[in-house]
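The values are calculated or read from the model by the stated rules, or taken from the named source; none is laboratory data. For clarity, every value in this text was computed on a predicted model and none was experimentally measured. Reconstructed Cβ throughout: ideal geometry from the backbone, glycine too, with neighbour counts over all protein chains shown. We work out accessible area using only protein heavy atoms, side chains counted, and drop any ligands, DNA or RNA first. Shrake-Rupley method; radii C 1.70, N 1.55, O 1.52, S 1.80 Å.
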Amino acid sequence: MLRFLAVALTLLSATAAQAQTAGIPPEELTNTRRLAGNSINACFDVTSLGRPFDEAVAKAIGDALFLEVNVVEGFGGFPLNGDGFMDELTLAMNNTCDVFMGVSVSANSPFSEAFSLTRPYATIPFVLAVSDPEWQSLGDIPKDRPLGTAMASMGEMQYITWAQQQPEGQSWVRYPYPDPIKMATRVLDGTIAGMILWQPALARLQAERPETEALRIIDSAPIPGAAVSVGALVSSRNGFLRSEMDQAIDALVADGTIDALMAEYGYEGSAGE
């Protein structure tokens with residue numbers, strides 16, 4: 001699909017990461033560069049809801065570039081405030097990873113200049129899921145029925161922003177949930193009318209828990225939609241790899257490969273963007 005120029009791909013060296021290594025013991029950082037040859041190490045957040053999909057995309061990118069993709073599980077399980085994430089990410093990108101898959105590529109990315117983001121390979125929305133068969137949109141739900149939101153998520157922030165702009169009594173009471181399983185249970189037992197969560201979370205619930213098949217997505221209007229554009233992180237020193245990945249993603253979006261993977265994993269949204 002794309003020609004891969006036979007050059008050695010290199011990881012971020014310790015000197016390139018110095019701006020990001022404050023607080024990391026020097027002995028934890030590898031000071032040599034790894035010669036990748038015709039393979040790349042693709043790392044993942046082990047707690048990511050999109051982990052299987054991101055691996056499938058990584059392998060499709062590898063196929064497009066005639067590269068073998070070595071899967072590295074990476075790390076995960078950080079608190080909501082992100083404590084420890086950037087240090088772990090810096091160590092991983094310095095010592096092990098060529099790319100880190102499944103990161104948000106929004107304009108307000110928290111990543112430093114030591115890292116470079118690829119173009120997005122998928123844009124996946126937050127959705128409103130209910131069990132009542134009569135409701136077709138959020139506007140059909142009585143205002144005295146509470147909603148659940150995935151705690152600290154973009155979908156929750158979007159709802160809060162919208163609700164703060166409404167007259168008193170014209171928004172729904174919101175219950176934040178850190179656990180999508182418990183939130184889905186509360187929708188099914190009628191404690192809350194519906195839940196706002198990232199669509200891969202709903203897809204995983206419905207793949208793993210048969211009772212959640214009763215949940216269905218309805219229009220979230222009048223709340224504006226929220227979505228996450230997902231891409232990969234590469235060392236900013238490795239501009240060649242980033243450029244090649246961007247070209248591969250362009251091709252995979254154009255030929256329908258990403259759309260097919262999204263359908264396989266039950267994802268809403270769109271390829272690329």
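Scanning the stretch 37-66 for residues that are among the small types (Gly, Ala, Ser) and either part of a helix (DSSP H, G or I) or surrounded by fewer than 24 Cβ atoms within 10 Å (Cβ to Cβ) (or both) yields Gly37, Ser39, Ser48, Ala56, Ala58, Ala60, Gly62, Ala64. Go through the stretch 116-145 residue by residue and tally those that are open to solvent by 20 Å² or more (accessible area, probe 1.4 Å) and over 19 Å from Ala226 (Cβ atoms). Here the count works out to 14.
Kindly evaluate Asp87 against the criterion of being under 22 Å from the mean Cα position of the chain (by Cα), assigned to a helix (DSSP H, G or I), among the acidic types (Asp, Glu) and buried (at least 18 other Cβ atoms within 10 Å of the Cβ). Can you show your working first?
On the way: under 22 Å from the mean Cα position of the chain (by Cα): yes; assigned to a helix (DSSP H, G or I): yes; among the acidic types (Asp, Glu): yes; buried (at least 18 other Cβ atoms within 10 Å of the Cβ): no.
Considered against the rule, which asks whether it is under 22 Å from the mean Cα position of the chain (by Cα), assigned to a helix (DSSP H, G or I), among the acidic types (Asp, Glu) and buried (at least 18 other Cβ atoms within 10 Å of the Cβ), Asp87 comes out as no.
For the stretch 247-261, the condition holds for no residue, the condition being that it is open to solvent by less than 70 Å² (accessible area, probe 1.4 Å), touching a Gly at 6+ places or on another chain (Cβ under 7 Å) and in a loop (DSSP other than H, G, I, E, B).
The rows are residues; the columns are (1) modelled with pLDDT of 95 or more; (2) under 22 Å from Asp144 (Cα atoms); (3) surrounded by 17 or more Cβ atoms within 10 Å (Cβ to Cβ).
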{"residue": "Arg174", "(1), (2), (3)": "yes, yes, no"}
{"residue": "Lys182", "(1), (2), (3)": "yes, yes, no"}
{"residue": "Ile192", "(1), (2), (3)": "yes, yes, yes"}
{"residue": "Leu202", "(1), (2), (3)": "yes, no, yes"}
{"residue": "Glu211", "(1), (2), (3)": "yes, no, no"}
{"residue": "Asp219", "(1), (2), (3)": "yes, yes, no"}
{"residue": "Val228", "(1), (2), (3)": "no, no, yes"}
{"residue": "Glu244", "(1), (2), (3)": "yes, no, yes"}
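Residue selection: Ser13 fails the criterion of being touching a strand residue (DSSP E or B) at 6+ places or on another chain (Cβ under 6 Å), modelled with pLDDT under 90 and crowded, with 16+ Cβ neighbours inside 10 Å. Contact annotation: residue pairs with Cβ atoms under 7 Å, 6 or more positions apart or on different chains, pairing a residue in the stretch 53-71 that is more than 22 Å from Glu268 (Cβ to Cβ) with a partner that is open to solvent by 50 Å² or more (accessible area, probe 1.4 Å) and not polar (S, T, N, Q), are Gly62/Glu68; Ala64/Met1; Val69/Lys59. The listed residues are Ser112, Ser106, Ser171, Ser116, and the only one of them that is in contact (Cβ under 8 Å) with a residue 12 or more places away in the chain and in a strand (DSSP E or B) turns out to be Ser116.
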